[in-house]
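These notes are about the structure you will find just below.
The values are calculated or read from the model by the stated rules, or taken from the named source; none is laboratory data. Every value quoted in this text rests on a predicted model; they were computed, and no experiment measured them. Glycine also receives a Cβ, built like all others from the backbone with ideal geometry; neighbour counts cover every protein chain displayed.
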Amino acid sequence: MTEDPRITLEKIYSEQQMTESNLSILQQRVEMVQVYITNYRSGLLVLEEIENRKAGEEMLMNVGGSIFVEAKLVNTDKVTRGIGNGIRIEQNVSEAKTAILKAVTSLESQYEALTQEYQRLFAHASRLNTQFQQLATLVQGAAPPAEEE
């Protein structure tokens, strides 16, 4: 005995809604990881600029949002790097660059995994949509005509 097409249609509709919600969440995560990657790469550029400077030199420092401030470098050997939860550590520029490159590599791996998952889920959503359309057409064709008043 086969399942009533209307029940199957409701199940597919529910799965479609859940899949769309998951796609939205994944899209937000992809965008968030991309923002982190951009932020770290921006920090890396500043570190590379500092490496080429001497203490006492002035430079324009990017503080984000295409805003630059004029800064005088006091110490070009050490930087303070946030490591999470408001905790900061002092490192030399080389150590900080290594840590940032490692973070970027990790984030890029995350980004790749998230985009692959997004593509897989998007393909699933497309299949569900096709099934839903086909089944809806079948159910509409099988529905008894509406009574006229």
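Can you confirm whether LEU47 is surrounded by 13 or more Cβ atoms within 10 Å (Cβ to Cβ) and under 30 Å from PHE122 (Cβ atoms)? Give the derivation first.
Values: surrounded by 13 or more Cβ atoms within 10 Å (Cβ to Cβ): yes; under 30 Å from PHE122 (Cβ atoms): no.
No: the conditions fail for LEU47.
Does GLU49 satisfy the condition of being within 26 Å of THR105 (Cβ to Cβ), at pLDDT below 90, part of a helix (DSSP H, G or I) and of a type in the set (D, E, K, R)?
Values: within 26 Å of THR105 (Cβ to Cβ): yes; at pLDDT below 90: yes; part of a helix (DSSP H, G or I): yes; of a type in the set (D, E, K, R): yes.
Answer is yes for this residue.
Take LEU135 and decide whether it is in contact with a Leu (Cβ under 7 Å, 6 or more places away or on another chain), in contact (Cβ under 8 Å) with a residue 40 or more places away in the chain and either closer than 30 Å to SER21 by Cβ or acidic (Asp, Glu) (or both).
On the way: in contact with a Leu (Cβ under 7 Å, 6 or more places away or on another chain): yes; in contact (Cβ under 8 Å) with a residue 40 or more places away in the chain: yes; either closer than 30 Å to SER21 by Cβ or acidic (Asp, Glu) (or both): yes.
So LEU135 passes the test.
Would a scan of the stretch 60-76 turn up a residue that is touching a Gly at 6+ places or on another chain (Cβ under 9 Å) and either exposed (fewer than 13 other Cβ atoms within 10 Å of the Cβ) or under 30 Å from GLN131 (Cα atoms) (or both)?
Checking the stretch 60-76: at least one residue is touching a Gly at 6+ places or on another chain (Cβ under 9 Å) and either exposed (fewer than 13 other Cβ atoms within 10 Å of the Cβ) or under 30 Å from GLN131 (Cα atoms) (or both).
One residue is enough: does the stretch 86-98 have a residue meeting the conditions part of a helix (DSSP H, G or I), surrounded by fewer than 15 Cβ atoms within 10 Å (Cβ to Cβ), of a type in the set (A, V, I, L, M, F, W, C) and more than 23 Å from the chain's Cα centre (by Cα)?
Kept after step one, since they are part of a helix (DSSP H, G or I), are these residues of the stretch 86-98: 93-98.
From what's left, surrounded by fewer than 15 Cβ atoms within 10 Å (Cβ to Cβ): 94-95, 98.
Now restrict to residues that are of a type in the set (A, V, I, L, M, F, W, C): none.
No.
Working carefully through the options SER66, SER42, find the one that is hydroxyl-bearing (Ser, Thr, Tyr) and in contact with a strand residue (DSSP E or B) (Cβ under 8 Å, 6 or more places away or on another chain). Don't jump to the end; show me each part of the working.
Working: SER66 fails: in contact with a strand residue (DSSP E or B) (Cβ under 8 Å, 6 or more places away or on another chain).
Unique residue meeting the criteria: SER42.
Within the stretch 32-44, is even one residue of a type in the set (Lys, Arg) and either touching a residue at least 60 places away in the same chain (Cβ under 8 Å) or surrounded by 13 or more Cβ atoms within 10 Å (Cβ to Cβ) (or both)? Steps first, please.
Initially, the stretch 32-44 is screened for residues of a type in the set (Lys, Arg), giving 41.
Then keep just the ones that are either touching a residue at least 60 places away in the same chain (Cβ under 8 Å) or surrounded by 13 or more Cβ atoms within 10 Å (Cβ to Cβ) (or both); that gives 41.
Within the stretch 32-44 (the criterion being of a type in the set (Lys, Arg) and either touching a residue at least 60 places away in the same chain (Cβ under 8 Å) or surrounded by 13 or more Cβ atoms within 10 Å (Cβ to Cβ) (or both)), the answer is yes, since at least one residue qualifies.
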